[in-house]
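Let me begin by presenting the structure, written as structure tokens, before commenting on it.
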Amino acid sequence: YPNIKRDSRFAKLTPEDVAHFLSICPALSAESDDIEAFNTDWMRKYRGQTRLVLKPKSTAHVSKILGYCNSRSLAVVPQGGNTGLVGGSVPIYDEIVISMNSMNNIRSFDPVSGILICDAGVVLETADNYLAGQGHIFPLDLGAKGSCHVGGNVATNAGGLRLLRYGSLHGTVLGVEAVLPDGTILDDLSALRKNNTGYDLKQLFIGSEGTIGIITAVSIICPPRPNAQNVALFGVNTFENVQEAFVRAKRELGEILSAFELMDDTSQRCVAQVTGKKRPLEGKETKFYVLVETSGSNKEHDDEKLEKFLMALMEDETVADGVLAQDETQARNLWSWREGIPEVLGHWGGVYKYDVSIPLKELYSLVGDVKARLIEHGLLGKDETVVDVVGYGHMGDGNLHLNVPVRSYDRRVEEVLEPFVYEWIQKRKGSISAEHGLGVAKREYVRYSRGETELGIMRGLKNHFDPKGIMNPYKYIKT
């Protein structure tokens, strides 16, 4: 990290510190072979040098740890499932990692209100499976659901595949329990839909990325699980037709529309190439593919509605081809062509990932402009560093995932991409981070989406909660 220097305010870990922490909870030291996994993100792009991983089992443990670290000026990094994409959950230097893996209990669930209260370390898929047995569903779905933690999802304000139907975590999270940098426990674990008593403190922690405290538990409202789900995939020749299909989906599918996912042909060719799977649509390849999911209470009604919608799109040639899943197995297979994209793009060596929000009319234009720029600089072509440029994402909320798979990480590629991508976004009044957060990857570029007044308030909040700066330093924004 050539542009980041270790903060001299932070103390260095001593044997006495380690002994104190071991009196609180289990830990991994530098001598353990398992510590490497906590120092490296899953994309193999970011790497730290932590010499201690703490594994608290309760909120009281976290409180004692942070109280001691604050008194000693020992920097810490909270870590959940470590599935983030911007380097926010791994250390930069020798910060102590506080792993939430052992805080994984579901505390309570009220089947009448649908309110779940659980520890921050509960894996998203585990929470959803538990809720399935209660006839409910977690209002967030991600490709990393088998590894990511609920607390980490809230800390990064993850968006995911169900936002079109259930909204963001800013709306579904009712309360949080968090430990502040000095060890103070904030118990705002409300189970109320309405609580207009003063400032809504939980909102400060949703998307704060562990910079003002550690979320230890979450209260979240979980809707009833749909009785009927349908999935369709169709090929579209132009982005104008994708937009038309989206407008009609909102109008004609209405209350049962739960996902409208955009994928370009490059992404689908990559999935086919890496996995060896046969592509779902056997006809002529199209430039775009759209996956539509409906979730409702009456299968016969939903089937009829989706089939009518799909047939109408094909009859007037808004879409070129399409397929409707006939059973759950086929539905999972169609989803795999969307959910499998992030993993396969790492096949060649590495990926530069940009998670951005763009006004819908220009959502895909960024892909073409980035591709042209890389070709112009001689970085994209046969046997060149860049494999291709891929665009996919959540059409329903204007969130594009721009991915540039490479054979190896290369400073030349990064210099061509940044700040070009962020300047392109700024000109269109978009956001440089739609749902992945800032981490270390975007802390230098926040100004492209936030003005000086906003940044000043954010710095003020950080300094108020964490005056010693020990919480996840070198990330988020410069203070």
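The values are calculated or read from the model by the stated rules, or taken from the named source; none is laboratory data. The structure presented is a predicted model; accordingly, all values stated were derived computationally and were not measured. Backbone-built Cβ (ideal geometry, glycine too); neighbour counts: all protein chains shown. Accessible surface areas use protein heavy atoms only, side chains included; no ligands, DNA or RNA. Shrake-Rupley method; radii C 1.70, N 1.55, O 1.52, S 1.80 Å.
A few remarks follow.
- Leading residue by the ranking (surrounded by the fewest Cβ atoms within 10 Å (Cβ to Cβ)) among those in the stretch 28-56 that are outside any loop (DSSP other than H, G, I, E, B), touching a helix residue (DSSP H, G or I) at 6+ places or on another chain (Cβ under 7 Å) and not charged (D, E, K, R): SER29
- Failed item, numbered, when ILE4 is tested on (1) within 30 Å of VAL351 (Cα to Cα); (2) open to solvent by 40 Å² or more (accessible area, probe 1.4 Å): (2)
- Within the set ALA155, ALA217, ALA228, ALA132, the sole residue that is surrounded by fewer than 17 Cβ atoms within 10 Å (Cβ to Cβ), touching a strand residue (DSSP E or B) at 6+ places or on another chain (Cβ under 8 Å) and among the hydrophobic types (A, V, I, L, M, F, W, C) turns out to be ALA228.
- For beta carbons closer than 6 Å, sequence separation of 6+ or different chains, a first residue in the stretch 444-470 that is closer than 30 Å to GLU415 by Cβ and a second that is aliphatic (A, V, I, L, M) and modelled with pLDDT under 95, the qualifying pairs are VAL446/ILE477; MET458/ILE477.
- Every residue from the stretch 456-479 that is closer than 18 Å to VAL86 by Cβ, in a helix (DSSP H, G or I) and aliphatic (A, V, I, L, M): MET458
- Residue match in the stretch 216-226 (condition: farther than 20 Å from LEU140 by Cβ and not assigned by the TED database to the domain that holds GLY393): no
- Selected residue [in contact with a Ser or Thr (Cβ under 6 Å, 6 or more places away or on another chain), in contact (Cβ under 8 Å) with a residue 12 or more places away in the chain, charged (D, E, K, R) and open to solvent by less than 50 Å² (accessible area, probe 1.4 Å)] from GLU244, GLU177: GLU177
- Scanning the stretch 71-83 turns up at least one residue that is modelled with pLDDT of 95 or more and in contact with a Lys or Arg (Cβ under 6 Å, 6 or more places away or on another chain).
- Contacts under 8 angstrom Cβ, first residue in the stretch 12-32 being farther than 15 Å from TYR68 by Cβ, partner open to solvent by 70 Å² or more (accessible area, probe 1.4 Å) and modelled with pLDDT of 95 or more, 6 or more apart: PRO26/LYS57; SER29/ARG51; ALA30/ARG51
- The stretch 368-385 residues that are open to solvent by 60 Å² or more (accessible area, probe 1.4 Å), paired with ones that are among the aliphatic types (A, V, I, L, M) and not in a loop (DSSP other than H, G, I, E, B) (beta carbon under 7 Å, 6 or more apart): LYS371/LEU380; ARG373/VAL416; HIS377/VAL416
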